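Just so it is clear, none of the values below were taken in a lab; they were calculated from the coordinates. Just so it is clear, the model here is predicted, and its values are computed rather than measured. Backbone-built Cβ (ideal geometry, glycine too); neighbour counts: all protein chains shown.
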Number of protein chains: 2
Amino acid sequence: MEESPLTDLEGAVLGLLWRSGPLTAYQIRTEFLHSPTSHWSGSAGAIYPLMRRLEEIGLVGSEEESTGRRPRRRYQLTAAGLAALRGWLAPPHPADAYTVLFDPLRTRILFLDALDSAAQRLFLEEAEAGLERHLQELEEIYRQIQESGDRPAVLATRAGILSTRARLQWLAELRAAVSED
Amino acid sequence: MEESPLTDLEGAVLGLLWRSGPLTAYQIRTEFLHSPTSHWSGSAGAIYPLMRRLEEIGLVGSEEESTGRRPRRRYQLTAAGLAALRGWLAPPHPADAYTVLFDPLRTRILFLDALDSAAQRLFLEEAEAGLERHLQELEEIYRQIQESGDRPAVLATRAGILSTRARLQWLAELRAAVSED
DNA sequence: CAGAGCATGTAAGAAGTTACATGATTGT
DNA sequence: ACAATCATGTAACTTCTTACATGCTCTG
């Protein structure tokens, strides 16, 4: 029934169903759409086929609520799905869970010297401004959901804040190092 | 000639060619293989077709060094390739450059309550141990390349260290929050 | 009742993964 | 000379993206 390890998208979908009861594919989609990471695109072409796949291997069940209109399919976790969710959650984790995260800015900065110094300065200014802006948003979200009492979301947002601050700190160090030549 | 924006893998390949002169596909592969991020798999099936693609659109050139044996193709950056590299490096950057990075641990912790409390504790222990181990490795690498004087690599490693520390700090906060129930 | 936007998909194509095949070189 | 490993690929498959199609619902 459960063949290969779940992808992170599959695991997250099972997690959403576990937390928020039966959901339609569209509702799942919008959850990802509103996430502060742009890693989760929530595109239709990803979610709809994925839901069918999960149903085929028995990790979710669905029922159609056809009130005469266009079918509206609502998915919920099966017992096998809950077991698979726990298997995905628990250690051992994939290798990339503990290694350095992928960061498009860090990747580019490896080759910063390929830009002339004016462009380098522009790069660093833009990067700091962009991260600063994003940090403000995260802190605003943090305040809101702290009131809502949604603890896992609070924790995840806190992670985003700390991680973004670390990137900003790094950029500040970098700017100091660049300007001293 | 240059159609769509470069992917990060394509940009990084151009960057490697810019920094390290003409390289074979295999040499590029091993650069990625040895990177401390597991995001760069450097699999043959990714690199070889990519190099052909980059050559087709004129961003790299190649010459065959056939000394009678099996062909050995060495790629170098063209003028168009350098321009494309600079376009990829310079702002404006893709949206995901400034948003929260994708973190498999954070994603899982959103659903931590689906595990029983023993499994939760195990999760947190493993995660802290795994990150701590990785941090040690990074600091060892950091010391080595600081001596080598490879500044961009030093900076990138520094970013990995700060980011990993931020994740550890978050886990420490989390453990405190979990144990107080 | 017309248009906006919500909801449910599908099709074609891009990009990467795993697994395989095979030639060349090196160490013992 | 034989095995191990370095090096150069290819093929099939998986997963996601972009773009499209289409039905349903609500609002002015």
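By average Cβ neighbour count within 10 Å, what is the ranking of B:72-81, A:110-119 from highest down?
B:72-81, A:110-119
Name the helices (complete DSSP H segments) of chain B with a Cα length along the long axis of 27 Å or more and a Kyte-Doolittle mean of at least -0.5, or state none.
Span-like helices here: B:151-179.
If R₀ is 51 angstrom, what is the calculated FRET efficiency for the pair B:D116 and A:A129, using the beta carbon separation as r and rounding to 0.05?
0.70
What's the center-to-center distance, using Cα atoms, between region A:37-107 and region B:137-181 in Å?
Value for the Cα centre distance between the two parts: 30 Å.
Can you give the average number of partner chain beta-carbon atoms within 10 Å of each beta-carbon in peptide B:15-22, as a whole number?
Whole-number average of other-chain Cβ neighbours for B:15-22 is 2.
Once R0 is set to 30 Å, what does the formula 1/(1 + (r/R0)^6) return for the Cβ-Cβ distance between B:D150 and B:R74, expressed as a FRET efficiency to the nearest 0.05?
0.85
Using only atoms on other chains, find how many Cβ atoms lie within 10 Å of each Cβ of peptide B:161-173 and report the average.
Mean number of neighbouring Cβ atoms from other chains: 5.
Taking 41 Å as R0, compute the FRET efficiency from the Cβ-Cβ separation of A:A83 and B:E64 and round it to 0.05.
Once rounded, the FRET efficiency stands at 0.15.
Could you check the spin-label model distance between A:A44 and B:S38? Points 7 Å from the Cα along Cα→Cβ, value in nm.
Once both label points are built, they end up 3.5 nm from each other.
Under a GNM of chain A (C-alpha, springs under 10 Å), which listed residue has the highest mean-square fluctuation: A:Y26, A:Y98, A:Y142?
Ranking A:Y26, A:Y98, A:Y142 by mean-square fluctuation puts A:Y98 first.
What longest range of chain B stays clear of loop-exposed GluC sites (Glu not before Pro) (DSSP non-H/G/I/E/B, at most 10 other C-beta within 10 angstrom)?
B:4-179
Ignore the peptide's own chain and count Cβ atoms of other chains within 10 Å of each Cβ in B:131-140; give me the average, rounded.
Whole-number average of other-chain Cβ neighbours for B:131-140 is 2.
With an 8 Å cut-off on Cα pairs and a minimum separation of 6 or more residues, tell me the relative contact order of region B:8-95 in percent.
33 percent
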